[in-house]
Amino acid sequence: MADPIRIRDYSFESRLFVGSGKYRDYDEMLACWDASGAEVVTVAVRRVDLNHEKEERNLIDVIDRERYTILPNTAGCYTVEDTLRTARLSRELGLGDLLKLEVLADEETLLPNAPATVEATRQLAGEGFCVLAYTNDDPVTAKALEEAGAAAVMPLGAPIGSGLGILNPTNIKIILQRATVPIIVDAGVGTASDVALAMELGIEGVLLNTGIAKADDPVRMASAMKHACIAGREAYLAGRMPARLYASPSSPREGRFTES
Amino acid sequence: MADPIRIRDYSFESRLFVGSGKYRDYDEMLACWDASGAEVVTVAVRRVDLNHEKEERNLIDVIDRERYTILPNTAGCYTVEDTLRTARLSRELGLGDLLKLEVLADEETLLPNAPATVEATRQLAGEGFCVLAYTNDDPVTAKALEEAGAAAVMPLGAPIGSGLGILNPTNIKIILQRATVPIIVDAGVGTASDVALAMELGIEGVLLNTGIAKADDPVRMASAMKHACIAGREAYLAGRMPARLYASPSSPREGRFTES
Amino acid sequence: MADPIRIRDYSFESRLFVGSGKYRDYDEMLACWDASGAEVVTVAVRRVDLNHEKEERNLIDVIDRERYTILPNTAGCYTVEDTLRTARLSRELGLGDLLKLEVLADEETLLPNAPATVEATRQLAGEGFCVLAYTNDDPVTAKALEEAGAAAVMPLGAPIGSGLGILNPTNIKIILQRATVPIIVDAGVGTASDVALAMELGIEGVLLNTGIAKADDPVRMASAMKHACIAGREAYLAGRMPARLYASPSSPREGRFTES
Amino acid sequence: MADPIRIRDYSFESRLFVGSGKYRDYDEMLACWDASGAEVVTVAVRRVDLNHEKEERNLIDVIDRERYTILPNTAGCYTVEDTLRTARLSRELGLGDLLKLEVLADEETLLPNAPATVEATRQLAGEGFCVLAYTNDDPVTAKALEEAGAAAVMPLGAPIGSGLGILNPTNIKIILQRATVPIIVDAGVGTASDVALAMELGIEGVLLNTGIAKADDPVRMASAMKHACIAGREAYLAGRMPARLYASPSSPREGRFTES
Amino acid sequence: MQITLNGTPRQVAPNTTLAELIDEITQDRTRVAVERNRAIAPRAQWDETVVADGDEIEVVTLVGGG
Amino acid sequence: MQITLNGTPRQVAPNTTLAELIDEITQDRTRVAVERNRAIAPRAQWDETVVADGDEIEVVTLVGGG
Amino acid sequence: MQITLNGTPRQVAPNTTLAELIDEITQDRTRVAVERNRAIAPRAQWDETVVADGDEIEVVTLVGGG
Amino acid sequence: MQITLNGTPRQVAPNTTLAELIDEITQDRTRVAVERNRAIAPRAQWDETVVADGDEIEVVTLVGGG
């Protein structure tokens, strides 16, 4: 029952993509990745710290490139130009053509700037990037990103770091009805049932970071997220029973020896 | 990380209990049980069909007793007396002392008759049964069942066969706050996320039948339910991140080389 | 468009019943009653305070009996016997045969004791009371109360004083489908939209106290509740538009002079 | 307790704005307007029908301009240019400077094209229009519209004509926290409780059409909407009681004569 | 002679009627209802009912409630 | 001699034991449990229990249920 | 001479003014607004504006909408 | 000669190459990517690229992010 997620030429067995931020240390991060079953991990691009670089263990050294595909993001970019620069630097780092493109609107909400995201997607897709575009849940924007060349569209479930879950499943459904590229929910997921619910909508995958990293027990939550992702996917594929007001017995009415 | 559910002297690794009703045939049922990871399976007690018994393969012959613990129910009982008779017959069948006790109120809604359930629990607990009492989600009834000697209390998520999920998580929470016996949600679960949500409330297990048997692909849904049960349990144990309106970046603010 | 609620021989234009508890003083209470448009007000029966009675203004003196119909409750009763005694005393006070019957299970949750409520209803209905029975939202209990002689059944929306709204609209719907006496939601209502939602289900009325008395501005909230009750009732009677995923233009497609 | 909604120099007692589309005839429309209490009514601009114009009663003749303020919309526009043309024609019709600006993305979803809406708002605000900008519920777009000169921002509750209510109250809350112009929810409202819920969030008003026009009894629903709008507004101003798991008695614990 | 009035022990003179007892504690008889030894004491019988030693009397009235 | 077996009238020969009756309707005794006149008929007593005229016998087994 | 009026070809006599054209299609000028070649044709200029060959004229009015 | 390195003024000797500059701040060239005056400075050209006065150089690496 192999059921990989495919994005352009990439193919992954696990539909859960996880981040590398907010962990106590690399060991915790690696233990969570292992427990999550993820094959794709997001990273950010930042200035080398001129004061401390030589001492630190670098994230690049920590990641087993045989096991994990790196998905660099453009977190922290608020303009199209900064996003383009960040993307190009990430490619120069030898991380390949995959890109989690995000252009944020402001530091207060960390919500995406949709038109700038469309514009950056158009340019970077043109430069050969495999763009996974983080966006809001507006179906019109999702379609525009697809038309601009996004390899996958990643609407948020809720604001980054909020843990509120999938605030508007209806919008995700509308996006799915019209999509021709994979839809991955990115951001807002707070706990396992959020992942299961999201996957049951029929999306292709879930990307999350804070939900694992800021749980009381991140490793256990990573395992929870892994199972939830599988659960939601399989439930979607299995086709759920119809809901109705009430009621249908699971045990047969025939053969009862009792009177009533 | 062994984390078994314990009910009196019983202990099970899997927190998902599944039924044996509504399947196309025994082969489908067994495949679903296997996929679900369940160790406890519910069965019903009915009159031998005088016309067909000799030909049929009997459910008893089908169940691997080494692998599965049988939990006979009193489905189809609408009075205390019928419930007692059914329970005693199930024990006479050599199925042990475990009992899913249900006293229903009417065939239209299949909702439990709470006071009759309390009375039957009192009597059967007194007769040495290990009573898992199916009931509505009224916290007062749950407490009364516990006081009547129930080994576990099994509030419904929604009416039997409805697939509506957990209609009133608040009541389940109140039940949990006051419970001293395991709380297992029984009935109403329609899809995987329902199981995950239920387990995240902190209940000890989920019992379901229709959600698997009436999915388009029951075996796949059984697997989905298995993963959802693990996911919800682990998320509960892991302790989820706090939710908030917005927003917290997963990537660091420091070290950005971009201007804004 | 007169549309009174009828309970036995009683008939009221307003479907909002309000309480007399938790107000700062009688003046605030009377102002709220006026703003709420209520015609039925609930009161409790308590021991005369031997130390202070002669000084105080008594609630009986405060209520304009021409304007308001008094609905005494049996709040604070935890046994059938205490409930019967309280009911009989309330009748002896000259308050007529109306009774909000409540038998609570415990002081912690203030949830109703359903079987005791049924028993008390049977007895008091037999003594000629017009019993409005406060209960949980279990459809089986609601039916039993009706059969025991209740003139109206009053399921809770949520626990008393919780302000959580209608936790389980599905149960209210099932109750309504089978009811032959008026269904009034009592308890749990926190704000105006809770009342509107409840009334849209098709119930006959709403009884509330804390939602008004503990608002920051009780008089204004009383007015809000009045309008919400009318709104919900009229929306129910009007028959809402069907919901659908999307979308239908309110402006005509024909006659557009623009190009696209 | 006058509490008008103010948009630039306009001020209206009623916070409910209603449409003129989808009615059976003008008489029904006018009866609904009367029942709704609305002071602002939306209209569309369309080509004169060359075949039928002379016979028909024109909408302009039907509207009592003393009573109703006309809010022309740009419904049916899918480009910035068409929107500008429509706006200018509406002003040429002598309808003043008020404008419900909408630039839609496609006929399938009727969802707004957010960047085009911002651009059209900028131009028309510059031409002196008092722009009420219809948009999605993205907080970033709402802020951009405000900065582009919108006099009010009108996020949708759900897609036009869907009747799904307020799909994402969290987004509306974020919009409200940052807004300096009135926020009016436009589109998606299906029944009275939707209006009450929306207003309780703290928005300034609600604009709706289909919810009234396509109810089984539009006039009664118009009345329901009027009351719901008042209810939600007053509940917001009154400040609701805090919600909690359970429970607080409305009747005093003191003075009980009963034993328990 | 001692009775229990509203849960509190109270000394009353012999031959005290319910009516007299009630007048001691409230100025308006219509505001209260009375239970004597867990049975209703009907208003019409207050004048003729003599309180007995050990009686448990409850005198109740209305208060605010929901 | 007539009994009621699983709700249906049935003729049985005099002196028929429960064990004999059960063997008529099932090939594996371990699969069934028996109630005679609303009381459990324990498996160990089937051989010695003679069915009486008018007996109401229920023979039950397991079936699928939830 | 041919123009396009509300998207439909239409023959008009030479020297026809906008005002005359509008009067042909509506009995109340105040009900309509006019666009000529995608620019507003202000009401005050209708009398003096002569329709030219190939003009695209839009005459609009109010209709119900939400 | 002064440049701006990662937003901070820095003195460098004339004729310093990018490769030399990078080696000063990191021990593993493969860990970093470089931008010079807002354009990518390809790794292959570091050895031959001489830093100019006023250059704005960004040297970046990977960090944790979501």
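A few remarks follow.
- All positions within region D:111-137 that are assigned to a helix (DSSP H, G or I) and not aliphatic (A, V, I, L, M): D:Pro115, D:Thr117, D:Glu119, D:Thr121, D:Arg122, D:Gln123, D:Gly126
- Check on H:Thr17, more than 7 Å from every other protein chain (Cβ to nearest Cβ) and in contact with a Phe, Trp or Tyr (Cβ under 8 Å, 6 or more places away or on another chain): yes
- Residue in region B:112-124 that is within 11 Å of another protein chain (Cβ to nearest Cβ), modelled with pLDDT under 95, closer than 22 Å to A:Leu245 by Cα and over 17 Å from the mean Cα position of the chain (by Cα) present: no
- Hey, C:Asp49 facing another protein chain (nearest Cβ under 7 Å), outside any loop (DSSP other than H, G, I, E, B) and either free of Cβ contacts under 8 Å to residues at least 24 places away in the same chain or out of contact with any strand residue (DSSP E or B) (no Cβ under 9 Å at 6 or more places or on another chain) (or both) or not: no
- Test result for F:Ile3, aliphatic (A, V, I, L, M), touching a residue at least 40 places away in the same chain (Cβ under 8 Å) and touching an Asp or Glu at 6+ places or on another chain (Cβ under 7 Å): yes
- D:Thr83 fulfils the conditions (1) buried (at least 20 other Cβ atoms within 10 Å of the Cβ); (2) at pLDDT below 95; (3) over 18 Å from the mean Cα position of the chain (by Cα) except for a single criterion, (2).
- Unique match (being surrounded by 19 or more Cβ atoms within 10 Å (Cβ to Cβ) and more than 7 Å from every other protein chain (Cβ to nearest Cβ)) among E:Val51, E:Val60, E:Val32: E:Val51
- Some residue of region D:141-159 being without any contact (Cβ under 8 Å) to a residue 24 or more places away in the chain, outside any loop (DSSP other than H, G, I, E, B) and either away from chain C (no Cβ under 11 Å) or more than 18 Å from the chain's Cα centre (by Cα) (or both): yes
- The lone criterion from (1) surrounded by 22 or more Cβ atoms within 10 Å (Cβ to Cβ); (2) under 21 Å from B:Ser162 (Cα atoms) left unmet by C:Pro169 is number (1).
- Residues satisfying the stated conditions in region B:213-255, i.e. more than 14 Å from chain H (Cβ to nearest Cβ) and of a type in the set (D, E, K, R): B:Lys214, B:Asp216, B:Asp217, B:Arg220, B:Lys226, B:Arg233, B:Glu234, B:Arg240, B:Arg244
- Any hit, region B:204-212, residues being away from chain F (no Cβ under 14 Å), touching a strand residue (DSSP E or B) at 6+ places or on another chain (Cβ under 6 Å) and either at pLDDT 95 or above or surrounded by fewer than 24 Cβ atoms within 10 Å (Cβ to Cβ) (or both): yes
- Remark: B:Ala243 matches the filter, which requires a residue to be surrounded by fewer than 24 Cβ atoms within 10 Å (Cβ to Cβ) and small (Gly, Ala, Ser).
- Tallying residues that are in contact with a strand residue (DSSP E or B) (Cβ under 7 Å, 6 or more places away or on another chain), modelled with pLDDT of 95 or more and of a type in the set (Val, Ile, Thr) within region A:167-203 yields 8.
- Residue in region D:153-166 that is surrounded by the fewest Cβ atoms within 10 Å (Cβ to Cβ), counting only those that are at pLDDT 95 or above and of a type in the set (Val, Ile, Thr): D:Ile166
- Scan region C:64-85 for residues that are in contact (Cβ under 8 Å) with a residue 12 or more places away in the chain, at the interface with chain E (Cβ under 8 Å from one of its Cβ atoms) and not in a strand (DSSP E or B) and the total you get is 1.
- Checking each residue in region B:1-19 for being small (Gly, Ala, Ser) and farther than 19 Å from B:Gly190 by Cβ picks out B:Ala2, B:Ser11, B:Ser14.
- The sole residue among H:Glu20, H:Glu48, H:Glu24 that is touching a helix residue (DSSP H, G or I) at 6+ places or on another chain (Cβ under 9 Å) and of a type in the set (Asp, Glu) is H:Glu48.
- Candidates in region C:1-35 are the residues that are surrounded by 23 or more Cβ atoms within 10 Å (Cβ to Cβ) and in contact with a Phe, Trp or Tyr (Cβ under 9 Å, 6 or more places away or on another chain); of these, the one that is farthest from C:Thr83 (Cα to Cα) is C:Cys32.
- Some residue of region B:7-16 being within 8 Å of chain F (Cβ to nearest Cβ), closer than 29 Å to F:Glu35 by Cβ, among the basic types (Lys, Arg) and not in a helix (DSSP H, G or I): no
- Count - residues of region C:175-194 that are within 24 Å of A:Arg244 (Cβ to Cβ) and either surrounded by 24 or more Cβ atoms within 10 Å (Cβ to Cβ) or among the small types (Gly, Ala, Ser) (or both): 3
- Qualifying residue in region D:176-189 (condition: part of a loop (DSSP other than H, G, I, E, B), within 26 Å of D:Asp34 (Cβ to Cβ) and not hydrophobic (A, V, I, L, M, F, W, C)): yes
- Options A:Ser251, A:Ser223; residue that is out of contact with any Pro (no Cβ under 7 Å at 6 or more places or on another chain), surrounded by 24 or more Cβ atoms within 10 Å (Cβ to Cβ) and either at pLDDT below 95 or part of a loop (DSSP other than H, G, I, E, B) (or both): A:Ser251
- Of the set (1) within 26 Å of B:Ile7 (Cα to Cα); (2) part of a loop (DSSP other than H, G, I, E, B), all apply to B:Asp194 but (2).
- Checklist (1) closer than 27 Å to E:Val34 by Cα; (2) over 13 Å from the mean Cα position of the chain (by Cα); (3) not polar (S, T, N, Q) applied to C:Gly19, failing item: (2)
- A count restricted to region E:12-23 and to residues that are within 10 Å of the chain's Cα centre (by Cα) and surrounded by 14 or more Cβ atoms within 10 Å (Cβ to Cβ) stands at 6.
- Some residue of region D:247-255 being among the polar types (S, T, N, Q) and touching a Phe, Trp or Tyr at 6+ places or on another chain (Cβ under 8 Å): no
- Checked against the criterion of being away from chain G (no Cβ under 12 Å), over 30 Å from G:Asp23 (Cβ atoms), in contact with a Pro (Cβ under 6 Å, 6 or more places away or on another chain) and not basic (Lys, Arg), region D:34-43 has no qualifying residue.
- Residues (in contact with a helix residue (DSSP H, G or I) (Cβ under 9 Å, 6 or more places away or on another chain), assigned to a helix (DSSP H, G or I) and buried (at least 24 other Cβ atoms within 10 Å of the Cβ)) located in region B:86-110: B:Ala87
The values are calculated or read from the model by the stated rules, or taken from the named source; none is laboratory data. Because the structure is predicted, anything quoted here is derived from the model rather than measured. Reconstructed Cβ throughout: ideal geometry from the backbone, glycine too, with neighbour counts over all protein chains shown.
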